[in-house]
Every structure is written in structure tokens, then in C-alpha cells.
Amino acid sequence: MSFDLDCVVRPGAAPIIARFASEARLTALVGPSGVGKTSVLNAIAGILAPVEGRIAVAGQVLFDSEAGVNLPPEARGAGYVFQDARLFPHQRVHANLVYGERLARNAGWIGRDEVIELLGVGHLLDRWPATLSGGEARRVAIGRALLAAPRFLLLDEPLSSLDAEKAERLAALIERIRDEIAVPILLVSHAAEEVERLAGQVVTLG
Amino acid sequence: MSFDLDCVVRPGAAPIIARFASEARLTALVGPSGVGKTSVLNAIAGILAPVEGRIAVAGQVLFDSEAGVNLPPEARGAGYVFQDARLFPHQRVHANLVYGERLARNAGWIGRDEVIELLGVGHLLDRWPATLSGGEARRVAIGRALLAAPRFLLLDEPLSSLDAEKAERLAALIERIRDEIAVPILLVSHAAEEVERLAGQVVTLG
Amino acid sequence: PEPPAGPTVLAASSMQEALEGIARDWEAEGQAAPVLSFGATSAIARQIESGAPADIVVTADREWMDWLEERDLLAGEPRAFASNTLVVVAPADPAGVVPVPMSLREFAQDPDGGRIALAETGSVPAGRYARAALQSMGLWDVLEPRVVPAESVRAALAFVERGEVPLGIVYATDAQASDGVRVIERVDPSLHPRILYYRAQVAASRDNEAQAFADYLVSDAARRRVASYGFGSP
Amino acid sequence: MLTQAEWYVLLLSLKVSLVAVLITLPVAYALAWLIARRTFPGRTLLDAAIHLPLVLPPVVTGWLLLLLLGRGGPVGGWLDRALGLTLVFHWTGAALAAAVMALPLMVRAMRLSIEAVDRRLVDAARTLGANPWRAFLTITLPLSAPGIAAGAMLGFARSLGEFGATITFAANIEGQTRTLPLAIYTGLQLPGGEAAVARLAIISIVLSLGALIVSEWLVRRSQGTRAHVL
Amino acid sequence: MLTQAEWYVLLLSLKVSLVAVLITLPVAYALAWLIARRTFPGRTLLDAAIHLPLVLPPVVTGWLLLLLLGRGGPVGGWLDRALGLTLVFHWTGAALAAAVMALPLMVRAMRLSIEAVDRRLVDAARTLGANPWRAFLTITLPLSAPGIAAGAMLGFARSLGEFGATITFAANIEGQTRTLPLAIYTGLQLPGGEAAVARLAIISIVLSLGALIVSEWLVRRSQGTRAHVL
Ligand SMILES: Nc1ncnc2c1ncn2[C@@H]1O[C@H](COP(=O)(O)OP(=O)(O)OP(=O)(O)O)[C@@H](O)[C@H]1O
Ligand SMILES: Nc1ncnc2c1ncn2[C@@H]1O[C@H](COP(=O)(O)OP(=O)(O)OP(=O)(O)O)[C@@H](O)[C@H]1O
Ligand code: MOO
Ligand SMILES: [Mg+2]
Ligand SMILES: [Mg+2]
């Protein structure tokens, strides 16, 4: 089982129920705006505690209210590309990219140079995040997540605000990660053709 | 002429040359990530001064370095939907929506209730921006720009992070604004079908 | 500079100049220069109470000495080594804001004559002496509402120097040292308790020279020195 | 519980501190904004001048106030003649001394918050039709509210505790300028005054605790303000 | 230009203020973080206690220090016996008095900056493998640098100007505790001391101006820090 969730999160007043199990290497999480997709990703990453329930990824239980399990975010090994870029404003692009790489316990499954090359951020390494364009910031955020040697990926609309060519290149990269490295991926996307192309299973929320 | 630009902006070290004139009611501005689309919109809105050149929209000169014209942003009448939502964090959704409406000199061409209805933000009016989902924040930002009774619209990837249904509804709204109200629109988008459907003229930057 | 190695003397601020003069004389005799610290008498007394490593204490009145004695913090009897008197002063600059009266009595009779600056009459010794004098003269009840209680004698003097008030009552030594005021009247010393400065050795004193310096403070040489700053004999 | 005299001192202290904070707030905010958002010749000098009351011993500040604002001073003389306003020996003088001492603390806190306001939000307000002044009033000012609150709290506490400048400039006149610290000081000068001092000190402490609770509560009420944008 | 005695006072003041700020910085930051980020019983009380030296007249603070840290006091006696450390009459005592007086100012400025740090960035760091401590060191701490700088500057200035608590607790001993404000006070007690006072006051002013310029320069060097995220 790559993702196995049965939990309730409550970011606001209304509870969001996430109950799905997916065998697919890449699972797409879809649903209308505001239905709770980001909240589910936050719960899996460990930055939003579910009210109750159980979360397991790739066979490892990350959260289980009954068993009293609640791994801290840093022990979960999520490679989370946030919906907003969330770059560290006080670190240059290069320092942002390697932030997680430095902390990784196991060797990464993708090299720094390769990430920089594939995402086309080589000319940005010395820049401050505040000076990046929307698409540039997104690409750096993707690179930062990949370099942390994550055990699974949470991608919240990773291809939005990228031009067709860069989106294509990134989609190919996601395919490669899915097929070659076999890292479980949970992808939030509103683009039907993206979901169709990448996802082995589609979970509709709400 | 809806948009008539011949200017150089320089947000960073490299100059960005924007030279185009469009008669179309809706002009799409496309180009790879980081080419300068947002910078051009900023220049038109008056929040990034061009190094030199001339900017005219709907026959009105907004900036002309030779003639010494440089209208302040509030006199330009831009309805700018930023790439990031930029909601005012200290005002609830309702106050954000009406911020520009209150300041508008002329009567708006769209009613408040209609905007709330069309964007589906009625249930969010009492919320703080920090509690909105990505798509919800985007919709509020669109509503805020529309309610300011703008003379022209600058839309920086307005449909990204919206689900198919909401994106469709918004595209229809843009069409209506384009055709019925004849407000010149400059649209930045990476989605080919969106551009195809909406734009009368496509300007490629870079 | 070489840190002074002699006994540590805690002294009331008003004795600063005189004590520094005495210390110089003492040093000139080949003794180790005393360590001098000046502050409000109340602060000094409390420092000694809290076990501060001091040898000699100098106060501007008897009350705090008694307070120290009651607590067995002193070695031997406190002894007076200088005295002072009070004077009534007015701004030297005739262009002052307020008209200056000819005497304290004239001032007291003119209800619109402005205010009079004293050191705080409840807590600062100079203020208490001044109040006692005014009470003896029968002027206190009239003047009390017109009193400006200052933080210290020097602050009272500053109010007069600046012309903020037409009159002030300060120590003769302060008036003598200031260019900004002139003395319009001397206060008869019999109208208030004697103004005496005391010195005593601290019980916890461990300095070998402390006894010698305490003795020197009450010597004729020290008396001549304090006289040169306007102080009288005890 | 409190004697009448203590009540009086307490009320006077409150009046002096509140007035000091209220008159200083707009001035401090304007200075903070100037220093945070403008570059002009003499900016660092202005900044240094604002810090002076912090660096100089309070007594010296009081003495300088006396030179400047005493009835014999250039400004004070004019105030006296033109407006009939005498600051020395008057509670307004105590408030002024407290205000001067509180100013640097207030400016620093406010400046920190103004610098933290995202200018892109101001840009957004401008495109929505707000002129610079309106954008300031509706965006920068409310978003720097945490700094205003912190500055007001610091300033109020500092005013409550202000001693040196007040006693030097405004003297220690019962009912006019004998605020809590001056009353405490007076008590400390007397042998055996400790009991009175302790009572007054406890009043000070309770007062500042109350002010703190009120200000925390006000800040928490406007918590939405401080949440971050998505 | 300066006499040797003036040099000495200047260097002592610098030493005392620098040591005061350096020992207070980590304490103040820890307190600021606790108050900004944690809720625990007694939080408001702790906050109030930190503000005390601001609200009480400095002389009272000095007196309380004397009660607590004098050789006869509970803590001071222990320090004296166990470590042979005497604070009264010693420059370390002056530094301690300055530190206590500077603490509330430093905590407030730092707290303001810590509260302004976007917690979502801390969350991001955690998902990237940073434990809470590391996330604090790499995200919260550097992002609150403006508050640290402002706090250090305020604290340094306050330490330079500290008078009442120092003279009460550490006394006024040349070469040990006679800092600039105490020297100025001492000069003010001397008839005709105005010229010396003016010289010393100018030294204070120049010193604080210098500190201000250095701190502004340091802050500007790390400007990238303060730019906002897209
Ligand atoms: N702090 C909060 N207070 C109240 N409601 C909240 C809070 N945080 C999130 N919500 C609400 O929870 C719901 C789920 O939010 P979430 O961000 O998970 O949506 P989403 O599916 O990711 O939407 P989008 O596609 O627009 O990003 C939304 O309706 C949102 O408004
Ligand atoms: N302050 C700055 N300093 C340096 N470079 C900058 C600065 N601001 C923008 N740039 C650069 O200017 C270029 C144009 O940026 P802009 O935001 O206009 O791009 P864009 O076309 O909107 O890209 P995207 O589609 O990714 O949003 C980018 O390469 C960006 O990195
Ligand atoms: O430092 Mo002061 O002179 O006691 O307020
Ligand atoms: Mg979302
Ligand atoms: Mg852009």
C-alpha cells in the first residue's frame, strides 16, 4: 500500500474526511477548490494533526490516534512541494535547495547537479527568493523537496504557473521518479490531462 | 488601441523589452517562466517604473519618459489580479473584496452580489485570508480587482489552482467582460487552450 | 591609572569636593589613596547594611548614622568633622523671569511672589534643616504650599540659577561655589538643628589604614581643608 | 486599602503616564515611519537624537529640558509668554519628561513593525485606487499594530517608572509632580521608610501588571491582524 | 582631546555596556521566544516580571538587587562564599545592573520579531528533516534578526545611560563602577562642574551615535534577510 489513510482533519470548523487506500505508485488527489486536498497533504506531512484516525505511507504508520503514534514531521520523510512556494526568504536559492539535502540521513536518489539542470535554476543560485518570478520560485521549491531524499512525495499543484515546455520536462521527471525510483507520490492537480498521464489511481475528495 | 507598449523594464539586472500594440479586446501575454510577463504587468499597473519608453492603455498614456508622464497607480484604473493573491491579511474577506469598490470614482460595471455569487465566495466573507485555501484566496483576489471598477484588467494566471468547474465559470465571466463591457484585458497564461479560447491577439515575450 | 589601594570610603554626594581634597592631602603624605564612592546617604547606608566591603562611611546628617549604629554596623562612635550653614539665594542674573524679593519675609508676605526651591523637606537633610528654620521663623505655614521640593540641594540650586524660582534655601558651601546665584540672606544657625557631617568606621572594615584615615578626617589638617571649601568646624 | 495620599499619587501617575503615551504615540509613529521608509540626509542623526534620552543619565535629560523648556529657556519662555503654559513644577512637565524618556523605546518598536510590513501589499492597495496616504492608513498603519501596541506598552511602563528626568525638570511637588517613583524615592531616603516604599512599589507593580494584561488582551483581540497571508 | 580619566571612564562604560548586552542577549531571546511562542501558566506573570525594572524607579531596582545579590543577600552570599564573586563595588555589578535594566527593552523588541516569523516556514523546514531545535536555529533565529539587532541596540543604549540602579547597587567607584552617567552625576554635584559634565555628555552622545551607525550598517549588510517571500 503506498498511501493508506483513514482519518479526519479539521483545519477550520468543518471536518474533512480522508479515507482511501492506494496501491498505485502515483495517486492523484482531486476535488473542487476548498474541499481539503491541501489539508490532507498537511496531515500526511505531519504539520496538521488529524482529529483522529490513521495514516500510513509505504507500509509505515505515521499517525495512529488509537496506538498513540504521531511521528514528528522530520521523521516522516515527506518531500512536500507546497501549494505556495515557502522558500526561506533569508537564504539564497542555493541554500534553499540544499537545506534538506544537508539533513538527509540516507543518500539521496537524485543528484544536486541533475536537479539544478532539470529544473533550469542554475542561473538563479545566487539570488534571493524575493527576486524570483512565480515559476522560478516554484521550480526551486520542487528542487528543494527532491533533494531531501524523501521516502515519498506530496506535490500540491506542482506544475501550475510553469510554461508548457517546463511543465512537460517536469512531468517527465515525475514519471521517471515514479517508475525508476518507485517513490510513492501523492499529486494534487486540477489539470485533467496531467492526472490522466501520471496517475495510476485517482482519489476524489469531497 | 487597447494596449500600446514600447518600454524597457528592469526588475533585476537584465532589461526586459516590451514592444507590442494590440487592438484585441483580450490580449494574451505568453512566454517562458521568468521572461518578464509579471514585470510588464507591474509596469502597466504603475508599481514598477520602466527605465524608459511609453505605455498607453485604451488610448490613455499612463507612462511616457519623454513627455514626463507617470501616472500614480491609483490614477491608472488597473484591475490587477496578482500572480500571488496579495490579500490584505488584516482584513476579512468581505473587507478585502470591497477595498477597491469603496475607492472607485465611477460606478462599477459589476455588482458586489454578482461577483460573490459568480466566484462562489459567499461562505467565506467572514473569514481571515490566512484561513483560505489556495483556490479560495485566488477567487477573492479576482473579486477584489473586479469590484474596483477598473478601466482595464491585468490578469496574471488567474485560473491556475482552480478546479475545472470553477475555471470554466471564470473563463465564461472573462468572456462576458470582454464582450459585453469591452474592458481591455491583458491575460498571462501558460494554458494553451485558455489562451486559444479567450485571446483575440497573442503576444509572445522574449 | 593606578587603582587606589587605600580604605574604601562611602560618602554623601554633598561632601564630594571636600573629601577629594582631603584624600589628595592624605595621599601627598605618602599614604595609599582611599577609594571614594559618592551617592545619596540612604543608598550608602543600605550598601553597608548589605555587606558591601566598605571601611568608612560619611553622612550628611545623624539619622542614618543612628540607623547604622542600631544595626551594629559601625565600629566605634561616629564623630562630626565639619559643619555647614544655610543661606537664602536668588538668581544672580537680574534678567530672571520673576521679580526677586529683598528678603525671605518680604517674599512670604507677597502671595504672588512665586515659589521657593528647597531640597525635599521630608527626606533630604538640607530640606529638613530648611523646613526647621522656616518653622522657627514662623513662615512655614505660609510658605509650605509654595515650596518646590527638589531632588537634592544641587537641584534646588539649579532651579534658582535658571530663574525658575526667585528664591531658594541651600547650603552656604553650595552658594559659595555657584556663579549663578547671589546670597540675599544668611539663615541664623540657631533656628535649626546644627548641620553636622559625620564619619564612622564600618564594623566589617578589614583595611589596616581605615582607622588611620578615620582619625585623619577629624584632624586639624582635614579641618583646614574642609574650611577652604566653606565648611565650618563641628 | 490605600491611604488617600497613596490614591492621589496613583491617580497622578496614571494621568501623567497616559498623557505622556498619548502625546508621544503619533510623534513616535511618524518618526518611526520616516526612519523605516524614507532615506534623507540626516536620517542617522535623527535616529541618534531620538536615542539620546536613553543614553544620557535621566538627570541630565531633565537638566537639558530645564535649559530648553524652563521659563528662562528659549522654548519655555515663549510657551510661557505666548500660551501662558508653564511646564516646570506642573504635571504637564512631568508628562513631558516621561514622554521624552519613552520616545526612543516607542520609536524602535514601531519601526520594527513598519519595516516588517510587506510593501507589495501597499502596491496592491495603490492599484485598487488608494492614494499613498490612504494606503498608509489602511495597510501600513494597521499592519504595524503589533509595534504600536508594544511601543505603547513599553512607553507606558517607562513613563510609570520615570524618575530622574522628572524630579530634575519638574521637581517633586505633591499633587503636581510627585508620581509613584518620586514618592518611592522620597520614602527610600528616610531611615525606616521601607514599609511605605514597599506599599508604593507594590502599587507600581500591580499597575503595570494591569496595563500588561489589558494590552495583551487588546492585541489578542486583533489577532487576525497578525496571521500571515497564504 | 580626552583626559586620561575621561578615557578611563569611557572604556569602563564600553566594557560594562558590552558585557551587559552580551550576557543579556541569550537570556532576553529565550524569554522573548517563550512568551511569543509558548502558552503556559504564569506566562503573563513572567512577562510582567520582565517589565518590572522598567516600571520601578531605577533606585528601587538597585535596592532590590542589593537585597538579593549583596554579600548579605541570599544569592549574593552564596556567590561570595562559593565562587568568591563579589558584585557590589565591582564592575561586574555595574554590568549586572545595566543588564537588568536593559532586559525588558530587549525582550520586547525580540518578541515582536519572533511573532512576525511565518510559522509556515518552520513547518516547511520540519518536513525537510529539521528537528524543532534545528528549525529554530536555521529559520526562526535568523528571521528574527531585525529584532535581535534592535534589541541589542536598545539594550546597549540603555546600559550606556544606566544610572540609578548602578549607583545604588554597585556604588560610584572610580575605575570600577563609575561609568559615564555616574561620572556625569558626580560632575553635576560639583559646583562649576558643568564644563566637565558637558564634555562627558558629548562623549556619551558620540558613543551612542557610533553604536547606532555600526548597528545600522550591520543590519543593512544582512538586508537580504528582510526581503519578503514571493
Ligand atoms: N484556519 C482555518 N480556519 C478555517 N477554515 C480553514 C482554515 N484552514 C483551512 N480552512 C478551510 O478548510 C477547507 C480546506 O482547505 P484546503 O486548503 O485543504 O483546500 P484545498 O482542497 O487544498 O483547496 P484549493 O484547491 O483551493 O487549494 C477550505 O474550505 C478552507 O477554507
Ligand atoms: N528584484 C529582482 N532582482 C533580480 N531579478 C529579478 C528581480 N525581480 C525579477 N527578477 C527577474 O526578472 C525576470 C522576470 O521576472 P517576472 O516575474 O516578470 O517573470 P515572469 O515572466 O512573470 O515569470 P513566471 O511565469 O515564472 O511568473 C525573472 O528572471 C526574475 O528572476
Ligand atoms: O536612572 Mo534615574 O536618574 O534613578 O531615573
Ligand atoms: Mg490547496
Ligand atoms: Mg510571473
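For every residue, the table says whether it meets (1) within 13 Å of ligand 1 (Cβ to nearest atom); (2) buried (at least 20 other Cβ atoms within 10 Å of the Cβ); (3) under 30 Å from B:Leu124 (Cα atoms).
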| position | (1), (2), (3) |
| --- | --- |
| A:Asp6 | no, no, yes |
| A:Ile17 | yes, no, yes |
| A:Glu23 | no, no, no |
| A:Pro32 | yes, no, yes |
| A:Thr38 | yes, yes, yes |
| A:Gln60 | no, no, no |
| A:Gly77 | no, yes, no |
| A:Asn96 | no, yes, no |
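Could you pull out the residue among B:Val81, B:Val61, B:Val93, B:Val69 that is over 26 Å from B:Glu180 (Cβ atoms) and touching a residue at least 12 places away in the same chain (Cβ under 8 Å)? I'd like the intermediate steps shown before the answer.
Numbers: B:Val81 fails: over 26 Å from B:Glu180 (Cβ atoms); B:Val61 fails: touching a residue at least 12 places away in the same chain (Cβ under 8 Å); B:Val69 fails: touching a residue at least 12 places away in the same chain (Cβ under 8 Å).
After ruling out the rest, the residue left standing is B:Val93.
Condition check ((1) surrounded by 24 or more Cβ atoms within 10 Å (Cβ to Cβ); (2) of a type in the set (Asp, Glu); (3) at pLDDT 90 or above) across all residues:
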residue: C:Leu134; (1), (2), (3): yes, no, yes
residue: C:Glu144; (1), (2), (3): no, yes, yes
residue: C:Glu151; (1), (2), (3): yes, yes, no
residue: C:Glu185; (1), (2), (3): no, yes, yes
residue: C:Asp188; (1), (2), (3): no, yes, yes
residue: C:Pro193; (1), (2), (3): no, no, yes
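Spot the failing condition for E:Leu52; the list is (1) buried (at least 19 other Cβ atoms within 10 Å of the Cβ); (2) over 30 Å from D:Arg220 (Cβ atoms), and only one is missed.
Condition (2) is where E:Leu52 drops out.
E:Asp123 passes all but one of (1) away from chain A (no Cβ under 14 Å); (2) without any contact (Cβ under 8 Å) to a residue 12 or more places away in the chain; which number fails?
The failed condition is (1).
Could you identify the single residue in E:Gly187, E:Gly129 that is on the phi > 0 side of the Ramachandran plot, without any contact (Cβ under 8 Å) to a residue 40 or more places away in the chain and either touching a helix residue (DSSP H, G or I) at 6+ places or on another chain (Cβ under 8 Å) or surrounded by fewer than 20 Cβ atoms within 10 Å (Cβ to Cβ) (or both)?
On the way: E:Gly187 fails: on the phi > 0 side of the Ramachandran plot.
Of the residues listed, the single one that is on the phi > 0 side of the Ramachandran plot, without any contact (Cβ under 8 Å) to a residue 40 or more places away in the chain and either touching a helix residue (DSSP H, G or I) at 6+ places or on another chain (Cβ under 8 Å) or surrounded by fewer than 20 Cβ atoms within 10 Å (Cβ to Cβ) (or both) is E:Gly129.
For the stretch A:96-109, what are the residues that are assigned to a loop (DSSP other than H, G, I, E, B) and without any contact (Cβ under 8 Å) to a residue 60 or more places away in the chain? Can you show your working first?
If we filter the stretch A:96-109 for residues that are assigned to a loop (DSSP other than H, G, I, E, B), which is where we start, we get A:104-109.
Matches in the stretch A:96-109: A:Ala104, A:Arg105, A:Asn106, A:Ala107, A:Gly108.
What do you reckon, is C:Arg115 touching a Leu at 6+ places or on another chain (Cβ under 7 Å) and of a type in the set (D, E, K, R)? Before the answer, list the steps.
Details: touching a Leu at 6+ places or on another chain (Cβ under 7 Å): no; of a type in the set (D, E, K, R): yes.
Spelling it out, it is not the case that C:Arg115 is touching a Leu at 6+ places or on another chain (Cβ under 7 Å) and of a type in the set (D, E, K, R).
Quick one: in the stretch D:60-86, which of the residues that are at the interface with another protein chain (Cβ under 10 Å from one of its Cβ atoms) and within 17 Å of the chain's Cα centre (by Cα) is surrounded by the fewest Cβ atoms within 10 Å (Cβ to Cβ)?
Result: D:Thr61.
Conditions: (1) away from chain B (no Cβ under 13 Å); (2) over 14 Å from the mean Cα position of the chain (by Cα). A:Pro32 meets all but one. Number of the miss?
Of everything listed in (1) away from chain B (no Cβ under 13 Å); (2) over 14 Å from the mean Cα position of the chain (by Cα), A:Pro32 misses just condition (1).
Can you tell me which residues in the stretch B:35-56 are more than 12 Å from ligand 2 (Cβ to nearest atom) and within 13 Å of chain A (Cβ to nearest Cβ)?
Residues satisfying the conditions do not exist here.
Those residues that are over 17 Å from the mean Cα position of the chain (by Cα) and within 13 Å of chain E (Cβ to nearest Cβ), I need them from the stretch D:38-56; list them, please. It would help to see each step written out before you state the result.
Of all residues in the stretch D:38-56, those over 17 Å from the mean Cα position of the chain (by Cα) come to D:38-46, D:48.
Scanning the stretch D:38-56 gives D:Thr39, D:Gly42, D:Arg43, D:Thr44, D:Leu45, D:Leu46, D:Ala48.
Which of the residues that make up the stretch B:63-97 are within 16 Å of ligand 5 (Cβ to nearest atom) and more than 7 Å from every other protein chain (Cβ to nearest Cβ)?
The answer is B:Val81, and nothing else.
Working carefully through the options B:Glu196, B:Glu136, find the one that is within 16 Å of ligand 4 (Cβ to nearest atom) and either free of Cβ contacts under 8 Å to residues at least 24 places away in the same chain or small (Gly, Ala, Ser) (or both).
On the way: B:Glu196 fails: within 16 Å of ligand 4 (Cβ to nearest atom).
Unique residue meeting the criteria: B:Glu136.
This table checks each residue for (1) touching a Pro at 6+ places or on another chain (Cβ under 9 Å); (2) of a type in the set (Asp, Glu); (3) within 20 Å of A:Leu103 (Cβ to Cβ).
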{"residue": "E:Ala94", "(1), (2), (3)": "no, no, no"}
{"residue": "E:Ala99", "(1), (2), (3)": "no, no, no"}
{"residue": "E:Pro104", "(1), (2), (3)": "yes, no, no"}
{"residue": "E:Ala109", "(1), (2), (3)": "yes, no, no"}
{"residue": "E:Glu115", "(1), (2), (3)": "yes, yes, no"}
{"residue": "E:Arg119", "(1), (2), (3)": "no, no, yes"}
{"residue": "E:Arg126", "(1), (2), (3)": "yes, no, yes"}
{"residue": "E:Gly129", "(1), (2), (3)": "yes, no, yes"}
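Out of everything in the stretch B:114-128 that is facing another protein chain (nearest Cβ under 10 Å), surrounded by 15 or more Cβ atoms within 10 Å (Cβ to Cβ) and over 21 Å from D:Thr140 (Cβ atoms), what residue ends up being farthest from ligand 3 (Cβ to nearest atom)? Let's see the steps before the verdict.
Residues of the stretch B:114-128 facing another protein chain (nearest Cβ under 10 Å): B:120-121, B:123-124, B:127-128.
This time we only want the ones that are surrounded by 15 or more Cβ atoms within 10 Å (Cβ to Cβ), so: B:120-121, B:124, B:127-128.
With over 21 Å from D:Thr140 (Cβ atoms) added as a condition, the list becomes B:120-121, B:124, B:127.
Numbers: B:Gly120: 61, B:Val121: 56, B:Leu124: 53, B:Arg127: 48 Å.
Per the criteria, the residue is B:Gly120.
Just one of the numbered conditions (1) within 21 Å of A:Ala192 (Cβ to Cβ); (2) more than 9 Å from chain A (Cβ to nearest Cβ) is not true of B:His190; which one?
Going through the list (1) within 21 Å of A:Ala192 (Cβ to Cβ); (2) more than 9 Å from chain A (Cβ to nearest Cβ), B:His190 breaks only (2).
Quick one: how many residues across the stretch E:6-29 are under 14 Å from the mean Cα position of the chain (by Cα) and free of Cβ contacts under 8 Å to residues at least 40 places away in the same chain? Please lay out each step first, then the result.
In the first step, residues of the stretch E:6-29 are kept if they are under 14 Å from the mean Cα position of the chain (by Cα); the result is E:13-29.
In the following step, the residues that additionally are free of Cβ contacts under 8 Å to residues at least 40 places away in the same chain were identified as E:22, E:26.
Qualifying residue count, the stretch E:6-29: 2.
Looking at B:Gly135, B:Gly108, B:Gly122 in this structure, which one is within 18 Å of the chain's Cα centre (by Cα), within 16 Å of ligand 1 (Cβ to nearest atom) and farther than 18 Å from D:Asp123 by Cβ?
Exactly one of B:Gly135, B:Gly108, B:Gly122 is within 18 Å of the chain's Cα centre (by Cα), within 16 Å of ligand 1 (Cβ to nearest atom) and farther than 18 Å from D:Asp123 by Cβ, namely B:Gly135.
For the stretch E:132-143, give me each residue that is hydroxyl-bearing (Ser, Thr, Tyr) and in contact (Cβ under 8 Å) with a residue 40 or more places away in the chain.
Answer for the stretch E:132-143, where residues must be hydroxyl-bearing (Ser, Thr, Tyr) and in contact (Cβ under 8 Å) with a residue 40 or more places away in the chain: just E:Thr140.
Would you pick out the residues in the stretch B:98-113 that are closer than 24 Å to B:Glu157 by Cα, modelled with pLDDT under 95 and either surrounded by 22 or more Cβ atoms within 10 Å (Cβ to Cβ) or at the interface with chain D (Cβ under 7 Å from one of its Cβ atoms) (or both)?
B:Gly100
Mind listing whichever residues of the stretch B:176-192 are surrounded by 14 or more Cβ atoms within 10 Å (Cβ to Cβ) and either within 16 Å of ligand 2 (Cβ to nearest atom) or not in a strand (DSSP E or B) (or both)?
Hits for the stretch B:176-192 are B:Ile177, B:Arg178, B:Val183, B:Pro184, B:Leu186, B:Leu187, B:Val188, B:Ser189, B:His190, B:Ala191.
Of everything in the stretch B:139-172, what is in contact with a strand residue (DSSP E or B) (Cβ under 7 Å, 6 or more places away or on another chain), in a loop (DSSP other than H, G, I, E, B) and within 13 Å of chain A (Cβ to nearest Cβ)? Give them in sequence order.
Matches in the stretch B:139-172: B:Glu157, B:Pro158.
Suppose we keep only residues that are surrounded by fewer than 24 Cβ atoms within 10 Å (Cβ to Cβ) and at the interface with chain D (Cβ under 10 Å from one of its Cβ atoms) within the stretch E:144-174. Which one would you say is farthest from A:Pro129 (Cα to Cα)?
This residue is E:Ala149.
Out of the residues in the stretch B:4-29 that are within 24 Å of B:Val69 (Cβ to Cβ) and either touching a Lys or Arg at 6+ places or on another chain (Cβ under 7 Å) or within 14 Å of another protein chain (Cβ to nearest Cβ) (or both), which is farthest from ligand 3 (Cβ to nearest atom)?
B:Asp6
Restricting attention to the stretch A:113-143, report how many residues are more than 16 Å from ligand 5 (Cβ to nearest atom) and more than 20 Å from B:Arg86 (Cβ to Cβ).
13
The values are calculated or read from the model by the stated rules, or taken from the named source; none is laboratory data. This is a predicted model, so every value here is computed, not measured. As a convention, Cβ positions derive from the backbone with ideal geometry for all residues, glycine included, and neighbour counts pool all protein chains shown.
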